[in-house]
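One structure is given below, encoded as structure tokens.
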Amino acid sequence: MKRYILMRLLYTVVVILGVSILVFVITHVIGNPVNTMLPLQATDAERAALKHQLGLDKPLMVQLSEFLGGMFRLDFGKSWWQQVPALGIVLHKIPATLQLVATALVIAVVVAIPLGIIAAYKPGTLLDRILTTTSLIGICLPPFWVGLMFVLFFAVKLGWFYTSGYGTIRHLILPALTLSVVPMGHLAQIVRFSMAEQLNAQYSITARAKGASDFAVLFAHALKNAATSIVTMGGMDLGRLLAGETAAVEVVFGWPGFGTLIVDTIGRQDFPLLQAEVFLVAVIICFINLAVDISYGYFDPRIRY
Amino acid sequence: MSQDIQTNAQIQIELREPEQNRNAFQRFLRRFSGNSLALIAFIVLMVIIAVSIFAPYIAPYDPAKSDIVHRLQPPSLAAPAKGGFPHILGTDQQGRDVLSRLIYGGRVSMSVAFAVVAVAGAIGTVIGLISGYFGGWVDLVFMRLVDIQSSFPGLLVALTFVMVLGPGQRNLTIALLIVGWMIHARMARSQVLTARESTMVESSRAIGCSMPRILFGHILPNVISPLITTYVLEMAHMIEAEANMSFLGYGIQPPASSWGLMIGEGRQYITNAWWLVVFPGLIIGITVLCLNLVGNWVREEFDPLQKGRH
């Protein structure tokens with residue numbers, strides 16, 4: 001187990017390094033931020049001066065080694081846009097997004113898992129069909145559009161919530177609900193599918209034959225075995241959301257989180273800030289994946305590391 | 001003995017005959033038997049594609065022609081006072097016909113998604129086939145690359161590319177291409193790994209078939225159906241990705257239009273002109289849903305384990 005985690009952490013370092021270098025090379029070889037940062041009528045001398053100030057006139061290998069050296073000290077340099085350390089800006093924006101994503105995921109889990117279990121318990125019924133169809137539709141609708149529809153109905157028409165902003169629970173509900181739609185659909189589908197599979201397995205039939213109640217078969221036997229696929233899907237959704245997929249929805253609701261920051265970063269061509277974001281996303285994704293993998297051992301004791 | 005074989009063959013031919021008497025269209029429809037939902041999805045999809053292709057002949061108005069007097073008119077079936085075709089889906093903030101913009105926007109959305117899947121699918125499939133067939137260090141290098149990239153969310157990588165290349169349809173296509181090739185490579189590789197060990201491949205190797213012939217003439221046709229499923233489902237993903245990027249302002253640029261961009265542009269008028277946002281989103285949802293239904297149907301229908309159900 002220890003050895004496994006150590007190996008995984010090593011791999012995590014490789015992924016983070018790989019992705020960071022990839023983004024660094026893309027931005028520094030193809031990109032030319034000076035043109036967008038200066039007005040059109042800027043002279044060549046002004047461009048050269050800015051290039052020198054940003055350190056973009058040094059050889060690429062020197063820039064890369066300086067960047068990597070900084071990365072090991074968690075120093076990504078100052079944001080060109082805000083003139084403060086880039087990592088600080090990113091860390092400052094994470095809590096708002098975390099709040100949003102956590103609420104969304106709780107809503108998704110609370111709704112999807114019971115419904116998925118019921119559908120698997122009575123396959124082929126009307127409820128099962130309705131659930132399967134709605135979860136597919138939920139996955140197919142673009143989240144930012146769903147958000148706008150919620151705004152139109154719940155905020156503009158009914159006036160229950162604020163259309164945008166950050167701070168109170170009346171700000172939080174609509175964006176969280178919007179973001180919960182896709183994970184809800186994913187989870188309902190995977191719960192329905194894997195529970196049906198487990199309920200047809202030999203051990204479930206045996207449990208029923210020995211007289212276990214439906215409740216016990218569902219929750220003590222089938223759910224624990226279905227949990228590995230459910231956790232895998234949940235982990236993927238969590239990673240996706242934390243990694244900037246919330247951007248469009250955050251923009252819709254004026255939510256000052258990580259997603260909005262990414263959109264601003266791209267607009268302003270702020271390389272240090274982008275590198276800090278990429279680094280953080282890679283760290284988050286790797287640790288979610290690690291946590292998911294370790295949880296397999298708990299749900300399925302046959303899996304050992 | 002030879003007599004027996006002949007009769008067997010004759011019986012088989014007789015058994016097959018009813019199927020052959022049907023024309024191709026009937027046989028095609030029969031494939032959908034028991035899954036009318038997939039058939040409906042397929043037809044809807046074909047209509048959307050046809051409308052996108054023949055947009056100039058179908059769209060009632062020029063999508064870029066503004067008519068500031070008749071701006072923000074709600075959907076109506078009545079002919080406008082100035083005459084001409086009714087603005088069935090209303091007009092936008094510049095008086096442009098929403099239906100016509102939807103039709104032309106669909107053209108852009110579909111062509112971006114199609115271009116990405118065609119090129120990424122071809123590149124990914126070839127890399128996956130070669131990687132899976134040869135194994136060794138080729139496989140190791142490609143699959144590590146795929147691992148690293150796919151453990152990282154596509155949106156951020158695509159945005160990075162658009163940031164350095166600049167927005168627009170061509171650069172968006174390139175960005176999505178770079179994000180989208182891996183899934184095809186991974187899929188093709190996993191299929192080849194099993195096909196590689198089959199007797200069929202062993203015998204073609206034994207009679208001296210060349211490597212490209214084995215890969216593309218023997219293995220590819222046998223593993224194509226799961227790959228087609230991936231292509232169809234990736235179309236859906238790419239339509240969503242394009243909409244997402246265009247909505248954020250880093251995809252298609254005005255005056256061109258796409259479904260995602262229409263939502264982004266109509267957003268500020270949402271309180272008094274709901275039709276600017278509702279219809280583009282609905283059509284994205286319908287297209288993606290149909291692609292998913294057709295993709296799932298292809299998976300079930302052409303899965304070798306489920307063959308012979310009909």
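The values are calculated or read from the model by the stated rules, or taken from the named source; none is laboratory data. What you see is a predicted model, and the numbers here were worked out from it, not measured in a lab. Ideal geometry is used to build each Cβ from the backbone, glycine not excepted, and the neighbour counts take in all protein chains shown. To get the accessible areas, we keep the full protein, side chains included, count just its heavy atoms, and leave off ligands, DNA and RNA. Shrake-Rupley method; radii C 1.70, N 1.55, O 1.52, S 1.80 Å.
Would you mind working out the magnitude of the charge dipole of chain B relative to its Cα centre, with +1 at each Lys and Arg C-beta and -1 at each Asp and Glu C-beta, to the nearest 20 Debye?
Approximately 280 debye in magnitude.
Within a 10 angstrom radius of each residue's Cβ in A:143-150, how many Cβ atoms of other chains show up on average? Whole number is fine.
Working: counts 2, 10, 13, 2, 0, 9, 6, 0.
The shielding value for this peptide is 5.
Determine the shielding of peptide A:235-242 by partner chains: average, over its residues, the number of Cβ atoms on other chains within 10 angstrom of each Cβ.
So the per-residue partner count for this stretch is 1.
Based solely on its DSSP helices, what 222 nm [θ] is calculated for chain A when runs of n ≥ 4 H residues each add -39,500 (n - 2.57) and the sum is averaged over all residues, nearest 500 deg cm²/dmol?
It comes out at -24500 deg cm²/dmol, rounded to the nearest 500.
Compute the FRET efficiency between B:ALA206 and B:TRP137 as 1/(1 + (r/R0)^6), taking r as their Cβ-Cβ distance and R0 = 22 Å, and round to the nearest 0.05.
Working: r = 26 Å, r/R0 = 1.18.
That pair, B:ALA206 with B:TRP137, gives E of 0.25.
Ordered by packing density, taken as the mean number of other Cβ atoms within 10 Å over each peptide's residues, highest first, how do B:165-171, B:204-210 rank?
B:165-171, B:204-210
Would you work out which of A:VAL106, A:CYS140, A:ALA96 lies farthest towards the positive end of the dipole of chain A, given +1 charges on the beta-carbon of Lys and Arg and -1 on that of Asp and Glu, about the Cα centre?
Checked the options; the winner is A:VAL106.
Restrict the search to the stretch B:226-310; then list the trypsin sites (Lys or Arg not before Pro) that DSSP places in a loop and that have at most 12 other Cβ atoms within 10 Å of their Cβ.
Values: sites: B:ARG267, B:ARG299, B:LYS307, B:ARG309; in loops: B:LYS307, B:ARG309.
When the trypsin sites (Lys or Arg not before Pro) of the stretch B:226-310 are filtered for loop state and at most 12 Cβ neighbours within 10 Å, B:LYS307, B:ARG309 remain.
Given A:LYS122/A:LYS157; A:LYS2/A:LYS93; A:LYS58/A:LYS78; A:LYS93/A:LYS224; A:LYS51/A:LYS78, which pairs have Cα atoms separated by over 26 Å? All intermediate terms of the calculation are to be shown ahead of the outcome.
Details: A:LYS122/A:LYS157 38 Å; A:LYS2/A:LYS93 33 Å; A:LYS58/A:LYS78 17 Å; A:LYS93/A:LYS224 36 Å; A:LYS51/A:LYS78 15 Å.
Violating the 26 Å limit, Cα to Cα: A:LYS122/A:LYS157; A:LYS2/A:LYS93; A:LYS93/A:LYS224.
If you count, for each residue, the other Cβ atoms within 10 Å and average over each peptide, how do B:181-189, A:199-207 line up from highest to lowest?
B:181-189, A:199-207
Quick one: putting +1 on the C-beta of Lys and Arg, -1 on the C-beta of Asp and Glu, what dipole do you get for chain A around its Cα centre, in Debye to the nearest 20?
Here the size comes out at about 840 debye.
Charges only on Cβ, +1 for Lys and Arg, -1 for Asp and Glu: so what's the dipole of the protein assembly as shown about the Cα centre, in debye to the nearest 20?
620 debye
Ignore the peptide's own chain and count Cβ atoms of other chains within 10 Å of each Cβ in B:158-169; give me the average, rounded.
Per residue, the number of nearby Cβ atoms from other chains is 5 on average.
How high is the relative contact order of chain A, given as a whole-number percent (alpha carbon pairs under 8 Å, six or more residues apart)?
Computed over chain A, the figure is 26 percent.
Between B:SER66 and B:ARG170, how high is the FRET efficiency from 1/(1 + (r/R0)^6) when r is the Cβ-Cβ distance and R₀ = 25 Å? Nearest 0.05.
Details: r = 26 Å, r/R0 = 1.02.
The value I calculate is 0.45.
Can you compute the label reach from A:TYR203? Point 7 Å from Cα along the Cβ direction, backbone N cut-off under 14 Å, restricted to the stretch A:223-258.
Of the residues in the stretch A:223-258, A:223-229 have backbone N under 14 Å from the label point off A:TYR203.
To test your reading of the geometry: what angle, between 0 and 90 degrees and rounded to tens, separates the Cα axis of helix B:220-248 from the longest principal axis of chain B?
20 degrees
Would you mind checking the tilt of helix B:98-134 against the longest principal axis of the Cα atoms of chain B, expressed as 0 to 90 degrees and rounded to 10?
So the inclination is approximately 30 degrees.
Of the peptides B:105-115, A:227-237, B:140-150, how do they stack up when ordered by the mean number of other Cβ atoms within 10 Å, highest first?
For the peptides B:105-115, A:227-237, B:140-150, the packing ranking is B:105-115, A:227-237, B:140-150.
If I take every Cα pair under 8 Å that is 6 or more residues apart in chain B, average their sequence separation and divide by the length, what percent do I get for the relative contact order?
With pairs under 8 Å counted, the relative contact order is 20 percent.
Counting other Cβ atoms within 10 Å, keep those with at most 16, restrict to DSSP loop, and tell me which trypsin sites (Lys or Arg not before Pro) in the stretch A:1-92 are left.
A:ARG73
Is it possible to state the helix-based mean residue ellipticity at 222 nm for chain B, with each DSSP H run of 4+ residues giving -39500 (n - 2.57), the sum divided by total residues, to the nearest 500 deg cm²/dmol? What is it? Provide the component values of the computation, followed by the final result.
Details: 12 runs with 214 residues, N = 310.
Calculated mean residue ellipticity at 222 nm is -23500 deg cm²/dmol.
Which one, A:THR125, A:HIS221, B:GLN26, projects farthest toward the positive side of the charge dipole computed for the protein assembly as shown from Cβ point charges (K/R +1, D/E -1)?
After comparing all options, I get A:HIS221.
What accessible area, in Å² to the nearest ten, does a 1.4 Å probe give for B:TYR269?
Near enough 60 Å² of accessible area.
Express in Å², to the nearest 10, the accessible area of A:LEU187 obtained by rolling a 1.4 Å probe over the protein heavy atoms while all chains stay in place.
10 Å²
Could you state the angle between the C-alpha long axis of helix A:126-140 and the longest principal axis of the C-alpha atoms of chain A, as a value from 0 to 90 degrees rounded to the nearest 10?
With rounding to tens, the tilt is 10 degrees.
Taking 0.36 nm per residue of sequence separation and subtracting the Cα-Cα distance, how much length would be gained by fully extending the chain between A:VAL13 and A:VAL62, in nm to one decimal?
In short, 15.5 nm is gained.
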